[in-house]
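Single-structure report; data block below.
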Amino acid sequence: MPGSAERILTTHTGSLPRPRALTRLFARRQRGEAVDPAELQAASRAAVQAIVPKQLSAGIDIPNDGEQGRESFVLYLRDRLTGLGGETHRGLFQDVASYPEFQEDLRASFAGKETASLTAHLPAALGEVNYVGDDAMAAECAEFRTALTQAGATGEAFLAAPSPGIVAAVVQNRHYDTDDAYLDALASALQHEYRAIIQAGFTLQLDCPDLALERHGAWQDRPLSDFLDFCERVVAAINRAIEGLPKDRIRLHVCWGNYEAPHDRDVPFEDIWPVIRQAKVGGFVLPFANPRHAHEHRVFRKAPLADDQILVAGVIDTLTNVVEHPEVIAERLERIAQSIGDARRLLAGTDCGFDTSAGRGRVSSDVVWAKLRSMAEGARLASDRLIKA
């Protein structure tokens with residue numbers, strides 16, 4: 001997963017808009033309605049085959065499968081882990097709870113929409129958690145490889161899997177005596193996915209929004225020190241799960257939540273970076289288009305990346321339908337390159353996924369592709385100034 005000595009490469013963070021028919025199937029299944037597995041599988045496979053050439057056409061150098069076959073970046077695991085059942089829900093994030101008028105507007109904006117949710121109709125861990133998804137993971141990798149071959153893609157590609165910490169936050173523990181025991185069980189289970197992705201020839205992206213998001217979620221009423229202790233335990237669990245895997249094939253994504261809201265209760269990046277950087281990975285995927293965090297790349301001036309690590313910098317906002325101008329993207333990349341000190345270790349990416357739970361995306365599909373094309377052009381402009389000059 002190195003950068004390029006010739007230009008700034010482009011990638012993104014994972015989920016891309018799903019076809020509406022596929023989204024409806026995922027939403028119905030999450031609500032507990034009957035869905036034909038063969039129909040869902042066929043729709044997912046067709047969506048993956050369609051999404052790969054779209055990425056290449058938009059100028060994406062390192063594509064993925066758009067997470068088309070997953071109802072969300074976490075809850076697809078309901079079919080791959082034992083011990084899950086019942087129904088729970090997540091409480092409000094601190095920034096949303098602080099603005100009751102906004103809260104009502106947000107609720108109204110999703111009224112009547114068929115979506116998968118990360119706050120309602122959630123399972124809990126009611127028994128021992130073990131991984132039983134080997135066949136499903138193998139099929140997912142094979143479908144993606146077929147789509148890449150059909151599209152003529154020959155370069156690097158990635159697949160994502162969630163961290164033990166975000167699974168623990170979404171799928172609440174009702175079985176294990178301690179949170180640490182639950183984290184250990186999840187890490188042992190998820191390492192099967194991590195290894196399968198790398199053994200299939202893909203870069204592994206670890207999705208770890210918990211390392212920032214849960215400060216204003218599950219840990220909002222606790223001291224910062226307690227949250228940082230949680231982060232350290234999650235990073236330690238990740239390191240155990242990826243032990244023996246090639247570091248340069250792993251990148252780790254952190255964000256403060258892919259939802260449009262004030263975000264004025266977000267933990268500062270400088271507070272969490274000393275813990276996050278303990279992860280034994282080859283690079284990080286971080287949001288710097290976000291208007292709450294766009295300035296925080298300056299943290300790298302005092303606490304730099306390791307010499308063998310890269311940064312995928314989010315320069316596209318995944319929550320607005322405004323198409324960023326290529327010059328704006330180039331300027332963002334130039335500023336971030338100054339902070340990390342080497343443009344050859346910088347990749348252009350998105351702040352988060354565009355549709356992290358099916359149907360919950362805020363950006364229209366046609367605008368998504370316009371934004372990605374603009375990102376590719378902005379990366380070209382920045383490359384001309386920073387690398388080719």
### Task
With the checklist (1) loosely packed, with under 14 Cβ neighbours inside 10 Å; (2) modelled with pLDDT under 95 in hand, flag the one item ASN290 doesn't pass.
(1)
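Among the listed residues ALA189, ALA200, which satisfies the condition of being surrounded by fewer than 24 Cβ atoms within 10 Å (Cβ to Cβ), farther than 21 Å from ILE310 by Cα, out of contact with any helix residue (DSSP H, G or I) (no Cβ under 8 Å at 6 or more places or on another chain) and at pLDDT 95 or above?
So the residue among ALA189, ALA200 that is surrounded by fewer than 24 Cβ atoms within 10 Å (Cβ to Cβ), farther than 21 Å from ILE310 by Cα, out of contact with any helix residue (DSSP H, G or I) (no Cβ under 8 Å at 6 or more places or on another chain) and at pLDDT 95 or above is ALA189.
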### Summary
Per the filter on segment 234-251, residues touching a residue at least 60 places away in the same chain (Cβ under 8 Å) and within 19 Å of VAL167 (Cβ to Cβ) are VAL234, ALA237, ILE238, ALA241, ILE250, ARG251
### Task
Working carefully through the options ILE272, ILE250, ILE238, ILE276, find the one that is closer than 21 Å to ALA157 by Cα and open to solvent by less than 50 Å² (accessible area, probe 1.4 Å).
ILE250
### Task
Give the residue that is farthest from the chain's Cα centre (by Cα), with candidates limited to residues of segment 146-158 that are surrounded by 22 or more Cβ atoms within 10 Å (Cβ to Cβ) and not in a helix (DSSP H, G or I).
ALA157
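Given the options ILE336, ILE310, ILE329, ILE340, name the one that is farther than 17 Å from ALA289 by Cβ and of a type in the set (Val, Ile, Thr).
Within the list ILE336, ILE310, ILE329, ILE340, the selection yields ILE310.
Identify all residues within segment 170-180 that are in a helix (DSSP H, G or I) and either free of Cβ contacts under 8 Å to residues at least 60 places away in the same chain or within 13 Å of the chain's Cα centre (by Cα) (or both); write none if there are none. Step through it out loud before you land on a result.
Step one: list which residues in segment 170-180 are in a helix (DSSP H, G or I), which gives 170, 179-180.
Within segment 170-180, ASP179, ASP180 meet the criteria.
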### Task
Give the residues of segment 356-379 that are open to solvent by 20 Å² or more (accessible area, probe 1.4 Å) and either without any contact (Cβ under 8 Å) to a residue 40 or more places away in the chain or closer than 12 Å to GLU324 by Cβ (or both), sorted by residue number.
ASP366, VAL367, ALA370, ARG373, ALA376, GLU377
### Query
Going by the structure shown, is ALA189 without any contact (Cβ under 8 Å) to a residue 60 or more places away in the chain and on the phi < 0 side of the Ramachandran plot?
no
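The values are calculated or read from the model by the stated rules, or taken from the named source; none is laboratory data. Predicted model, so just to flag it, every value in this text is computed and none were measured. Virtual Cβ from ideal backbone geometry, glycine too; neighbours counted across all protein chains shown. Side chains are part of the model used for accessible areas, which takes the heavy atoms of the whole protein and leaves out ligands, DNA and RNA. Shrake-Rupley method; radii C 1.70, N 1.55, O 1.52, S 1.80 Å.
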